Amino acid sequence: MAAVGSWGERICKTGWLPTLQLIRHGSKSVTRHWKPMHIMRQKLMAVTEYIPPKPLTSETCMKPRVILPKEETGYERLLLRQVKEIFLENKMIVVCQYNYIPGNDMVLFRHRLRKYNIHVKFFPNKIMIPFLLESKYKNLLPLFVERNLLLVSMETKARETLQILKRVPQINMLGACIDNVILSKQGFVNYAKLPSIVTAQGETAGVFSLMTSHTSRLLQRGSVHLSSLLDQYVQQENEKVEGKADRNIS
């Protein structure tokens, strides 16, 4: 024991300590445990909780929405080009409201129109509305609300168009544009009742010929009346001369 004690004293004097030291800690005593809050206290805390006042204007109203411009696709540019060509090349453009039609009925409807050189065109409103806003056909904008179709023709076949539309109740005519003149539904019906150009030209030529013949009669009437008056005057003068000669002889 004396040797061990002397050896421990020698280590302490030189300042050497072991690399591992075992230290024993005592267990901590837990005196308080978690307990749920009483129900009355919970109600009191909920009633007395601070509620910040709401702003007069919402944040969505203060901050405007940022709408990013959409880039046009190649297909949309193609459709826009087709719409421009249709309004430039065709004299008659009829706007109709399109409801569901079975496939066979739609094929028959197209076939009947194609007999009179009338074609059916479908264009979405996102293509038609920008075109109409920048063109002289702005008054057609109220017609493009739902799904529509266009009946286009290079000739004004109003009467034939109405006859075919009467057979298809699913397609309702809303308006038309004929020779760059916008017409309502009733205006288009009245236009269809007008005679054809050939008939109108014949009636106009007949009126003009009647007017020219009447004018020629009026112009000739004065000269004929004047010549008759002169003949009557000459006859009267001859009768006076003959009367004087008879008196002198007697």
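Every read-out reported here was derived from the displayed coordinates using simple, explicitly stated rules and does not represent laboratory data. Worth saying up front: this structure is predicted, and the values here are computed from it rather than measured. Don't worry about glycine lacking a Cβ; one is built from the backbone with ideal geometry, like all the others, and counts go over all protein chains shown.
Please determine whether any residue of region 226-233 is free of Cβ contacts under 8 Å to residues at least 12 places away in the same chain, surrounded by 10 or more Cβ atoms within 10 Å (Cβ to Cβ) and of a type in the set (Phe, Trp, Tyr). Yes, region 226-233 contains at least one residue that is free of Cβ contacts under 8 Å to residues at least 12 places away in the same chain, surrounded by 10 or more Cβ atoms within 10 Å (Cβ to Cβ) and of a type in the set (Phe, Trp, Tyr).
Does region 139-162 include one or more residues that are among the small types (Gly, Ala, Ser) and over 11 Å from Met92 (Cβ atoms)? No, the conditions are met nowhere in region 139-162.
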